[in-house]
1. Look through segment A:298-343, keep the residues that are hydroxyl-bearing (Ser, Thr, Tyr) and touching a helix residue (DSSP H, G or I) at 6+ places or on another chain (Cβ under 6 Å), and return whichever of them is surrounded by the fewest Cβ atoms within 10 Å (Cβ to Cβ).
2. Any idea which of A:Thr101, A:Thr114 is within 24 Å of A:Ala79 (Cβ to Cβ) and among the hydroxyl-bearing types (Ser, Thr, Tyr)?
3. Checking B:Arg248 against (1) buried (at least 22 other Cβ atoms within 10 Å of the Cβ); (2) closer than 21 Å to B:Leu188 by Cβ; (3) more than 14 Å from every other protein chain (Cβ to nearest Cβ), only one condition comes out false. Which one?
4. Kindly indicate whether A:Pro164 is touching an Asp or Glu at 6+ places or on another chain (Cβ under 7 Å) and part of a loop (DSSP other than H, G, I, E, B).
5. Which ones in segment A:18-41 are within 7 Å of DNA strand C (Cβ to nearest atom) and either crowded, with 16+ Cβ neighbours inside 10 Å or within 14 Å of chain B (Cβ to nearest Cβ) (or both)?
6. Residues in segment A:142-153: is at least one in contact with a Lys or Arg (Cβ under 8 Å, 6 or more places away or on another chain), surrounded by fewer than 23 Cβ atoms within 10 Å (Cβ to Cβ) and more than 23 Å from B:Asn57 (Cα to Cα)?
7. Considering B:Ala236, B:Ala292, B:Ala260, B:Ala281, which residue is at negative phi, at pLDDT below 90, under 30 Å from the mean Cα position of the chain (by Cα) and of a type in the set (Gly, Ala, Ser)?
8. Tally up the residues in segment B:53-90 that are away from DNA strand C (no atom under 16 Å from the Cβ) and more than 17 Å from the chain's Cα centre (by Cα), please.
There are 2 protein chains.
Amino acid sequence: MTAARRPGRRPTIADIAAHAGVSPTAVSFALNDRPGISDRTRDRILAAVAELGWRPNVAARALGGRRADTVGLVVARPARTLGVEPFFAQLVSGLQARLSTDLVALQLLVVEDTAAELDVYRRWAAERRTDGVVVLDLEQDDPRPDALVAMGLPAVLVGGDGRPGPVPAVFADDHAAMTALVEHLAALGHVRVGHVGGIAGYVHSARRVAALHDAAERLGLAVTTVPTDFSQDEAAAATRALLAPDERPTAIVYDSDVAALAGTTVLAEAGLGVPGDVSVASFDDSQLVRLAHPPLTAMTRDTFELGELVAQTVLSVVRGHAVPDVVAAPTPALTVRGSTGAVPGAAS
Amino acid sequence: MTAARRPGRRPTIADIAAHAGVSPTAVSFALNDRPGISDRTRDRILAAVAELGWRPNVAARALGGRRADTVGLVVARPARTLGVEPFFAQLVSGLQARLSTDLVALQLLVVEDTAAELDVYRRWAAERRTDGVVVLDLEQDDPRPDALVAMGLPAVLVGGDGRPGPVPAVFADDHAAMTALVEHLAALGHVRVGHVGGIAGYVHSARRVAALHDAAERLGLAVTTVPTDFSQDEAAAATRALLAPDERPTAIVYDSDVAALAGTTVLAEAGLGVPGDVSVASFDDSQLVRLAHPPLTAMTRDTFELGELVAQTVLSVVRGHAVPDVVAAPTPALTVRGSTGAVPGAAS
DNA sequence: GGCGCGCGCTAAAGCGCTTTAGTGGCGCAT
DNA sequence: ATGCGCCACTAAAGCGCTTTAGCGCGCGCC
């Protein structure tokens with residue numbers, strides 16, 4: 001009405017202001033729920049916004065020192081392995097799903113190593129490109145939490161050791177999960193248990209190993225852990241290594257679904273039946289695991305849901321809401337399928 | 001030297017200008033390779049940039065009507081299925097890998113349907129949030145290419161029918177691939193071939209069906225296609241449907257790796273051996289397919305590489321370089337594994 | 001009745017960059 | 001010597017939003 005809108009151009013705050021007969025400042029205040037605007041005026045402004053179909057220009061917002069409405073995820077693993085691990089894809093999907101309901105975008109970046117990852121954080125912080133980040137694969141003495149605090153970039157860790165740190169963490173109790181898994185195997189009569197683990201430096205891998213050995217000691221089991229880099233090649237090699245000794249394990253636990261599948265292939269090649277000769281359990285459930293023959297016993301957790309929870313936490317942190325130091329994710333639950341059975345030779 | 005840099009703040013163009021003893025305009029020109037700056041001055045400016053560690057503020061750049069250094073990918077499929085299809089994860093990894101070398105970010109969004117997808121494009125175009133987008137799963141009479149052209153948002157299609165359209169496409173010749181696959185089966189003596197297809201509305205699904213029937217006619221095979229929504233449930237149901245008739249196929253082709261795995265599970269449950277009773281081939285290769293028992297014969301294409309190629313194409317389009325209407329991706333190649341064999345009853 | 005105060009709003013500056021419109025100086029042609 | 005044009009560079013405006021400072025007005029208070 002008042003202002004002739006330039007055709008083909010997105011309306012700006014100035015257009016809204018003209019349309020509602022107020023100043024741009026008033027519009028900005030109304031949009032950001034700041035005090036100093038009467039309800040009547042606010043309603044008028046919001047009506048104009050709706051009528052003209054105004055949308056914030058993120059760039060302008062970010063430039064003004066405000067939010068970028070973007071959350072970042074930097075992954076320091078070989079790019080090609082990302083597509084293989086269902087965990088990542090599911091996590092990203094969950095993150096995305098929750099973020100998009102708030103019109104917050106997810107920025108994805110894959111880098112070589114942790115040093116490069118820190119560079120990216122620095123750049124993003126400086127460029128105001130992201131409001132916050134999600135950090136994965138925490139390591140022992142990881143420099144990232146402190147660095148992020150130092151550069152003032154809000155962050156949320158996935159995993160960790162369950163203790164409060166400089167940055168809030170979403171934590172699932174791997175320890176309890178592993179204990180449940182080992183108890184399941186012990187109940188089936190297994191005494192010699194192999195474990196194909198993850199990257200030794202990762203906190204969650206280390207926790208699993210610790211839990212495994214704790215439970216083994218308590219239950220009188222003999223366990224052997226072989227660390228891997230999560231790749232199929234190393235998982236296959238680790239499985240062969242476990243099979244080599246005279247006293248080969250009657251059950252093998254794998255830290256990831258992909259590793260478990262690679263392992264079962266090795267077992268099949270070695271002429272060992274699952275679970276007839278060797279029981280197999282995966283610490284990560286996924287479609288892969290369910291499609292295997294036989295379908296694998298696994299710790300089931302809803303990674304998609306975990307992603308949503310992480311996203312929710314990041315959003316809270318970014319918005320300055322109070323967030324507990326440690327947010328509890330559901331503890332994975334044991335799903336028994338056909339790949340675990342009584343120890344060979346035992347009475348059925 | 002000249003300018004006292006405010007501590008704790010990222011240097012801006014003004015800082016560079018002061019440091020190099022020129023105007024901010026000169027710095028901007030030098031950084032953007034515009035003419036009108038002597039080599040001497042340009043070198044001095046670039047030295048100052050390096051010395052002060054300057055980095056562009058993307059928000060400011062985008063606000064000035066320039067690039068946002070971001071490419072978008074909107075996927076209109078149920079969020080949870082994303083994590084299941086290795087195709088997506090691999091494609092995203094490849095996209096990401098290529099984009100990040102140019103410091104361009106990838107924005108990911110999962111939406112309900114194509115209408116929501118178009119809304120997102122409109123918003124992004126208006127907000128200058130992304131410089132361009134990647135469009136997947138082209139449908140017959142898809143409204144998206146024209147809409148994108150209309151809103152002036154650069155885009156690249158993945159797939160399509162290989163014919164020039166309003167938007168450049170990266171195209172892999174599914175037709176040739178399917179033909180090769182059918183010829184392989186025919187050579188093994190198969191005459192009755194089942195096909196568990198994809199979503200009928202998708203161009204690439206339709207092309208595969210067409211190719212399958214063309215080849216079948218030429219080679220004198222009897223084929224039955226059952227479309228699915230790419231989910232495991234429908235793939236399993238489709239497999240059962242194919243097995244029901246008296247004249248059950250001696251070979252089944254699956255449009256995706258996940259579908260193929262779900263199908264082999266059904267075959268196993270039905271007591272049918274692979275490839276003893278039924279040969280199985282997947283139209284998508286992946287780690288899943290290789291880990292199956294037996295590993296599946298599949299059309300192998302490097303999806304990661306495809307992602308890189310798509311990213312490269314988007315970057316070219318965004319930068320206004322000339323891009324062919326149709327960029328050829330490598331044609332998938334047949335990888336014969338243990339899941340396809342001679343038709344039962346034939347002399348070996 | 002004058003003063004101070006707070007409410008509701010506006011003016012204007014500023015975020016960091018790009019871009020348009022110059023401006024000054026130098027070389028060259030006349 | 002004068003004028004023209006071009007090259008190298010600068011001044012300043014503008015992108016859309018937020019934010020700080022400030023203004024006018026009505027109210028309550030003594």
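The values are calculated or read from the model by the stated rules, or taken from the named source; none is laboratory data. Bear in mind that the values here come from a model prediction, so they are computed numbers and not experimental data. Because the Cβ atoms are built from the backbone with ideal geometry, glycine has one as well, and the counts that use them run over all protein chains shown.
1. A:Thr331
2. From the options A:Thr101, A:Thr114, the qualifying one is A:Thr114.
3. Every condition holds for B:Arg248 apart from (1).
4. yes
5. A:Val22, A:Ala26, A:Phe29, A:Ile37, A:Thr41
6. Checked against the condition, which is being in contact with a Lys or Arg (Cβ under 8 Å, 6 or more places away or on another chain), surrounded by fewer than 23 Cβ atoms within 10 Å (Cβ to Cβ) and more than 23 Å from B:Asn57 (Cα to Cα), segment A:142-153 yields no hits at all.
7. B:Ala292
8. Qualifying residue count for the region: 1.
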